[in-house]
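The values are calculated or read from the model by the stated rules, or taken from the named source; none is laboratory data. Since we're looking at a predicted model, the values are computed, not measured. We place every Cβ from the backbone using ideal geometry, glycine too, and count neighbours over all the protein chains shown.
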Amino acid sequence: MEETKPDQSSAPVLEAIEEYHRLDRYGFTPPGHRQGRGVDRRTLDALGLDTFRSDLLATAGLDDRLSRGCVLSRAEDLMAQAVGADKAFFSTCGSSLSVKAAILAVTRGRGEILISRDAHKSVTAGLLFSGLQPCWIPVRYDEDLHIAHPPSPESVEEMWQRHPDAAAAVVVSPTPYGTCADLAAIAQICHSRGKPLIVDEAWGAHLPFHEGLPTWAMDAGADICLVSIHKMGLGFEQGSVYHLQGPLVDPVRLQQCADLLASTSSNVILYAGIDGWRRQMVSQGHELLDAALKLADRLRADIGALPGFHVPHDELLGAEASHDLDPLHVLIDVSGLGISGYQASDWLRAEQRLDMGLVDHRRVEATLSTADDDAAAQRLLEALEALGRAAKGFSTPPPVRLPRGSDFQPEMALQPRDAFFGPVDSVPIAEAVGRIAAEQVTPYPPGIPALLPGERINAAILEYLRTGVEAGMNLPDPADPSFKTIRVVVE
């Protein structure tokens, strides 16, 4: 009997919302606003009635009390089929939660795990919850650009040789800069040992839908990949998907670990955003991404032609850099204007009403999506032209004392969980060298910790963070965001 292919023109969550309204259902259940009926007019004026109208209870609302309509599971099956995964699970707590659940599922909460040192702060949070021992895979640090590229397959192989009993490997690809790892080679190395590869692909939700983009983690052989639909897709903030394939990870345990961490009051609007975006990408994604890639190429060339601006590309690729690059990450180096990325970002927001994504000591980044068009690109270009003129009047930015790549590989003196939850002192920065960090310190964005609980603090990282704050770096994690003091382990 011929198997019936899933209908990718269907969007089960959206269709269930439409049916709910068509049938004029009414629930004496949460949410108490009753699709906006009881909401203050001033709130409705700001948010709109439609924001509340589709905020429905998932079970005993969108579906019946036993979920017999299988609304969510049908939507997840369609997503898996669309991208070539065995299973897909939706999450409404972002990839920050998804990566924690994936780590718990493959490790059972004990032992060692290999993790790329450019992992997002959410990965570190998973270590604090679980008590796992991280074995950090060195990244490829560009001493000229001061950018951390993904680890090489050789680095992953070396770490497996040193830690053969580790449960799995976790790699970030693409990075927030758009640089990508050689996932196929890394997956092969992991699988030769019968160990799973988890890819934090938060920036890669769009990758399955166009051959001109870097390799999608599932196509490269990864066992689990986690994507944020709100980053490079068109879903709502916090919408995330777990993708799973192969025999190395138990799908039931993965789903149960996700349930342990997730809210029991998931927002169906986020589910609907994921569901609708999947349908759109299956039917129109290649065409939309074609246009976005062409727009990115034109924008890169136009920005690069502006005096004082540089758009890195070739220098981000190669043996000592990344394996591939997502061109929708338009990285803009403003150091030729004599200003910092922090100054550029603040001026663009204040004077041009434009918010940039990633920002560091010399760069800002515009991430393009399929929603951007020629008008949006022109607005950015004109704003940058204005920045170039205004930069002549900027004060000289405070210097940031940049570390070497080796400075980001300090001694792991204590397990992160023990350092974070144990007795701590708060000491002046000048007294912290040689002490063990009891908190993570993370420049944000991009959200990659420069200092982790359990690491022995070195002078170079302290100076980088201290001078970074003086230049405009944002440190949201430490107890003292001004970074005059830091929490350390009592020894």
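List every residue pair whose Cβ atoms lie under 6 Å apart, where the two residues are 6 or more positions apart in sequence or sit on different chains, the first residue falls within region 199-219 and is in the same structural domain as G94 (by TED's automatic domain parsing) and crowded, with 22+ Cβ neighbours inside 10 Å, and the second residue, located anywhere, is of a type in the set (S, T, Y) and in a helix (DSSP H, G or I).
Taking only residues 6 or more apart or on different chains, the pairs are A202/S95.
On the given criteria, is L66 in the same structural domain as I229 (by TED's automatic domain parsing), without any contact (Cβ under 8 Å) to a residue 60 or more places away in the chain, hydrophobic (A, V, I, L, M, F, W, C) and exposed (fewer than 12 other Cβ atoms within 10 Å of the Cβ)?
Criteria met by L66.
Could you name every one of the helices (runs of 4 or more DSSP H) located completely within region 367-477 that has at least 3 residues being assigned by TED's automatic domain parsing to the domain that holds G304 and over 30 Å from W277 (Cβ atoms)?
374-390
Does V334 satisfy the criteria of being at pLDDT 95 or above, among the aliphatic types (A, V, I, L, M) and within 22 Å of P214 (Cβ to Cβ)?
The answer is no for V334.
So which of E154, E143 ends up being acidic (D, E), assigned by TED's automatic domain parsing to the domain that holds D219, free of Cβ contacts under 8 Å to residues at least 12 places away in the same chain and on the phi < 0 side of the Ramachandran plot?
Exactly one residue qualifies, and that residue is E154.
Based on this model, can you work out whether D86 counts as free of Cβ contacts under 8 Å to residues at least 12 places away in the same chain and either outside the structural domain of Q409 (by TED's automatic domain parsing) or out of contact with any Ser or Thr (no Cβ under 6 Å at 6 or more places or on another chain) (or both)?
When the stated conditions are applied, D86 does not pass them.
In this structure, is D360 modelled with pLDDT of 95 or more and assigned by TED's automatic domain parsing to the domain that holds M473?
Taking the combined requirement at face value, the residue does not satisfy it.
Which ones in region 370-389 are within 19 Å of D326 (Cα to Cα) and surrounded by fewer than 17 Cβ atoms within 10 Å (Cβ to Cβ)?
Scanning region 370-389 gives A371, D373.
How many of the residues in region 329-355 are surrounded by fewer than 16 Cβ atoms within 10 Å (Cβ to Cβ) and without any contact (Cβ under 8 Å) to a residue 60 or more places away in the chain?
Going through region 329-355 one residue at a time, the tally reaches 7.
Taking the condition closer than 22 Å to L384 by Cα, assigned to a loop (DSSP other than H, G, I, E, B), at pLDDT 95 or above and not assigned by TED's automatic domain parsing to the domain that holds S155, does I303 pass?
Spelling it out, it is not the case that I303 is closer than 22 Å to L384 by Cα, assigned to a loop (DSSP other than H, G, I, E, B), at pLDDT 95 or above and not assigned by TED's automatic domain parsing to the domain that holds S155.
Quick one: would you say G308 is in a loop (DSSP other than H, G, I, E, B) and either buried (at least 20 other Cβ atoms within 10 Å of the Cβ) or in contact with a Pro (Cβ under 7 Å, 6 or more places away or on another chain) (or both)?
Criteria not met by G308.
Can we say S91 is surrounded by 14 or more Cβ atoms within 10 Å (Cβ to Cβ) and under 23 Å from the mean Cα position of the chain (by Cα)?
yes
If we only count strands (runs of 3 or more DSSP E) wholly inside region 70-140, which ones have 1 or more residues that are farther than 22 Å from A413 by Cβ?
The qualifying strands (runs of 3 or more DSSP E) are 87-91.
Taking the criterion of being acidic (D, E) and not in a helix (DSSP H, G or I), would at least one residue in region 278-296 satisfy it?
Within region 278-296 (the criterion being acidic (D, E) and not in a helix (DSSP H, G or I)), the answer is no, since none of the residues qualifies.
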